[in-house]
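The values are calculated or read from the model by the stated rules, or taken from the named source; none is laboratory data. As the structure is a computational prediction, the values presented were derived from the model and not from experiment. So basically every Cβ, Gly included, is an ideal-geometry build from the backbone, and we count neighbours across all protein chains shown. To get the accessible areas, we keep the full protein, side chains included, count just its heavy atoms, and leave off ligands, DNA and RNA. Shrake-Rupley method; radii C 1.70, N 1.55, O 1.52, S 1.80 Å.
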Amino acid sequence: MTWRDFVLRAALVIVTTLVIVWFMPRDRKVSFHIEIDKPWHYNDLTAAFDFFIYKNDSTVQRDIQEALRNYEPYYIFNKDVGATQVRRFMQEFGHEQASYHLNSDYKRIIANRLNALYADGIVDTMEPMGPDEDSTRTFRRVEGKDAISVAAITVHTAREAYEQILRDPLLVGRVAALQELDLNEFIVPNLVFDSIRSKESREEIINSVPKASGWVQRGEKIIDRGIVVDAQKALKLESYLKELDRRNEMQSSLNITVLGELLYVFLIMLAFTIFLSMSRRDYFERMRSVGMIYALIVIMAILASLLVSHNLLHVYILPFAIVPIFIRVFMDSRTAFAAHTSLVLICACLLLYPLEFITVQMAAGTAAIFSLRELSSRSQLFRTAVLTTVAAMLANFAIFLIHNGDMARFNTSEYNYLLVCGIIIFCCYPMLYLVERTFGFISEISLIELSDMNKEALRQLSEVAPGTFQHSIQVGNLAAEIARKIGASAQLVRTGALYHDIGKSVNPIYFTENQSGGISPHDHLTEVESAQMIVSHVTEGLKLAEKYNLPRQIRDFIATHHGQGKAKYFYIKYKNAHPDEPIDELLFTYPGPNPSTKEQAILMMADAVEAASRSLPDYTEQTIRTLVDRIIDGQTADGFFRDCPVTFRDLQYAKTVLIEKLKTIYHTRISYPEANQ
């Protein structure tokens, strides 16, 4: 691996960590819903700290309104106002004025009444006296440093004071004269509302109302699973959530929390990356493989974070097992298990009960991995979905039995979510195609579909080049047997064999398997021209593959089935005809490249052996064995398998399979002795 590849993978780990942590819920809300008169379908809940049982909002508001009945607003009494206004009155109307028809005795009576009214207090009617219209309400009258409680009924408004003077018994009959005096000018409030002190008093009363009706000690059981949530238990649960929110808001260490999340996710992804680099280096070196795994982990982690953040449904409804299923289909079991473990551990830190989540999801993921060796039909996906759901339900039931000894507390809500999750897993078949196209993989189902003989490319090959078509089928059978023997993908190499020679359909007559009657067009061509026609079937095949939109894996079989070998028949013929001339070997060489996978190496061996076997003069075990050894040993000596992960043991197994299959195909028998005459 180059430094550039190392930097890319390191960046992938860092970006993955940052994206996952970015979507993690910051407030750590508890992922359960409170439903009154319904059984508690979550696990037993125990208080992790002391907290008060808060009253609900309606109860608190009722208590506040009741407490405000004792609220007394503050009014500042100004005794100078009354003296000033009475003095003004006497100055203006102190002498006899016939126009008012009132003598000085009446004016003294009015002055006395004004003094009495100001002594009681004339209130500013622009401000409230109290919380209601109750006649028994009181307020605080402030004189200097003293504040005494006074009944509101003992004070007057300006209008009430004016009307009381008019109704005075000693002034009866002088109403018209009194109205001419315009007494309203001398009746002004001497009780002014003190808004600051009144507000403080009101807030003090409101704050004194207890918001809690009790408290729960740390370690106290809040509710057991299966218990019906009544009003009191609902208050406890809501209070627990409020206290959690309050504690989260009071935390000043948010940056430390995020740092912990970054470190946690980074360590998990780093451990998984190290596993890939050490145990699955072939996947680790292919960026598309690493990209698919990390993309699946990130997507599922984001979905889990969104569900927890918004309290949507239940986290069990997410099909986490899809991740190991897809990885198992395109890669192997160990990689799928490691990726699933990493995903589950990351998502577990989002939840209130991580151990239960880990248990259920690990059981589901393990069942999914080992029930799906390969995905070649929808029935296999159905079986996997069923086994995954059953495993998850059994794990969840086991946890229930451990925590609860009473079956009366059994609740089916979580099992409903797991059942829906199983249905989603079964319906994920279309997503498989999306993953294939996005990351350049190919599944067993796609290979089976490509193997359909009604595909246009194969149908055309069978019509215009029947010999090549039969050769391709035979090569596919041989290659599939070798693949099964050495642990390669039999379906992949069989499908690749069907398409590896489709380029021959462009000029089929130039290939011996399509010739008849002993007539060959090569008789009219030079060796170089003939070699070019033979070599061109690789480039023509790649053009057809592009036309028919064949997957990259199938195109690789077309390009590598001859590697960078030569069209040896015409190369040797030219060399023998021109012994003293320098030869441009590129004119006789296939474009390649050489095989880079086991399957490509298998196809090269099977193709060369099957084609050469047609030219054997007789078919005995010895001739077949000699042919197979000569061809495969020659390919090995030419370095065709240098870039692919085949071992000498694999090559020996391949020889054995080819020999046995060719013996069966050509019906080799022992030679019977002749009878003596």
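May I ask for the distance between the Cα centers of region 177-221 and region 1-20, given as a whole number of Å?
65
Rounded to a whole number, what is D in µm²/s for region 409-539 from Stokes-Einstein with the Kirkwood radius over alpha-carbon pairs (10 °C, 1.306 mPa s)?
It diffuses with D of about 87 µm²/s by this estimate.
Let a ≥ b ≥ c be the square roots of the eigenvalues of the Cα gyration tensor of region 510-550; is it rounded (a/c under 1.5), or, if not, prolate (a/b larger than b/c) or oblate?
Oblate.
Cut-off under 17 Å on the C-alpha distance; same-chain residues fewer than 8 positions from residue 38 excluded. Which aspartates and glutamates are left, in chain and number order?
Filter leaves 224, 230, 238, 414.
Mind listing the long-range amide H neighbours of residue 215? Cut-off is under 5 Å, sequence gap 5 or more, other chains count too, H placed in the peptide plane at 1.01 Å from N.
Answer set, sorted by chain and number: 53.
State which helices in the chain qualify, where a helix is a whole DSSP H run, it must extend 18 Å or more along its own axis by its Cα atoms, and its mean Kyte-Doolittle hydropathy must be at least 1.6.
3-23, 254-279, 287-309
How many nm is it between the label spots at residue 48 and residue 112, if each spot is 7 Å from the Cα in line with the beta carbon?
7.9
Can you pull a Stokes-Einstein diffusion coefficient for region 504-590 at 20 °C (1.002 mPa s), Rh from Kirkwood over Cα pairs, as a whole number of µm²/s?
D, rounded to a whole number, is 151 µm²/s.
Heads up, I need the accessible area for residue 37: 1.4 angstrom probe, whole protein in place, Å², nearest 10.
The accessible area of residue 37 comes to roughly 110 Å².
State the Cα centre-to-centre distance between region 521-564 and region 382-439 in whole Å.
The two parts, judged by their Cα centres, are 49 Å apart.
Cα gyration tensor of region 328-394, axes a ≥ b ≥ c as square roots of the eigenvalues: rounded (a/c below 1.5), prolate (a/b > b/c) or oblate?
Taking the square roots of the gyration eigenvalues as a ≥ b ≥ c, region 328-394 is oblate.
For the chain, what is the relative contact order in percent, using Cα pairs closer than 8 Å and at least 6 residues apart in sequence?
On the way: 882 pairs, mean separation 83.4, N = 677.
It comes to 12 percent, rounded to a whole number.
How high is the relative contact order of region 450-561, given as a whole-number percent (alpha carbon pairs under 8 Å, six or more residues apart)?
Details: 124 pairs, mean separation 31.1, N = 112.
With pairs under 8 Å counted, the relative contact order is 28 percent.
What's the magnitude of the charge dipole for the chain around its Cα centre, counting Lys and Arg as +1 and Asp and Glu as -1 at the beta-carbon? Answer in Debye, nearest 20.
My answer is approximately 1280 debye.
Below 8 Å between Cα atoms, with a sequence gap of 6+, how large is the relative contact order for region 524-618 in percent? Walk me through the numbers before you get to the answer.
Details: 85 pairs, mean separation 34.3, N = 95.
Once divided by the residue count of region 524-618, the mean separation gives 36 percent.
Can you pull out the trypsin sites (Lys or Arg not before Pro) in region 189-219 that DSSP calls coil and that have at most 10 other Cβ atoms within 10 Å?
Here the trypsin sites (Lys or Arg not before Pro) that fit, given the DSSP loop and packing criteria, are 218.
Order these peptides, 536-545, 229-238, by their mean beta-carbon neighbour count within 10 angstrom, highest first.
The packing order, highest mean first, is 536-545, 229-238.
Dividing the convex hull volume of the alpha carbon atoms of region 148-289 by its residue count, what do you get in Å³ per residue?
377
Choose one of 534, 576, 545: the residue whose Cα lies farthest towards the positive end of the charge dipole of region 517-577 (beta-carbon charges +1 Lys, Arg; -1 Asp, Glu; about the Cα centre).
Sorting the options by dipole projection puts first 545.
Could you give the semi-axes, largest first, of the ellipsoid that matches region 535-677, computed as the square roots of 5 times the alpha carbon gyration tensor eigenvalues and rounded to whole Å?
The equivalent ellipsoid of region 535-677 has semi-axes of 31, 21, 15 Å.
Loop only per DSSP, at most 15 neighbouring Cβ atoms within 10 Å: give me the trypsin sites (Lys or Arg not before Pro) in region 265-294, ordered by residue number.
Sites meeting the loop and neighbour criteria: 286.
Return the calculated 222 nm mean residue ellipticity for the chain, to the nearest 500 deg cm²/dmol, obtained by summing -39500 (n - 2.57) across DSSP H runs with n ≥ 4 and dividing by the residue count.
-19000 deg cm²/dmol
Decide, for region 239-394, between rounded, prolate and oblate: order the square roots of the alpha carbon gyration tensor eigenvalues as a ≥ b ≥ c, take rounded if a/c falls under 1.5, and otherwise choose prolate if a/b is larger than b/c, else oblate. Spell out each step's value before the answer.
On the way: a/c = 2.72, a/b = 1.46, b/c = 1.86.
Since a/c reaches 1.5 but b/c is at least a/b, the shape of region 239-394 is classed as oblate.
Per the Kirkwood definition applied to all pairs of different Cα atoms, how many angstroms is the hydrodynamic radius of the chain?
For the chain, the Kirkwood estimate is 34.4 Å.
What net charge is computed for the residues neighbouring residue 8, neighbours being all others with C-beta under 15 Å from the C-beta of residue 8, Lys and Arg scored +1, Asp and Glu -1?
Net charge around residue 8: +2.
Whole number please: convex hull volume per residue, Cα atoms of region 55-96, in Å³.
102
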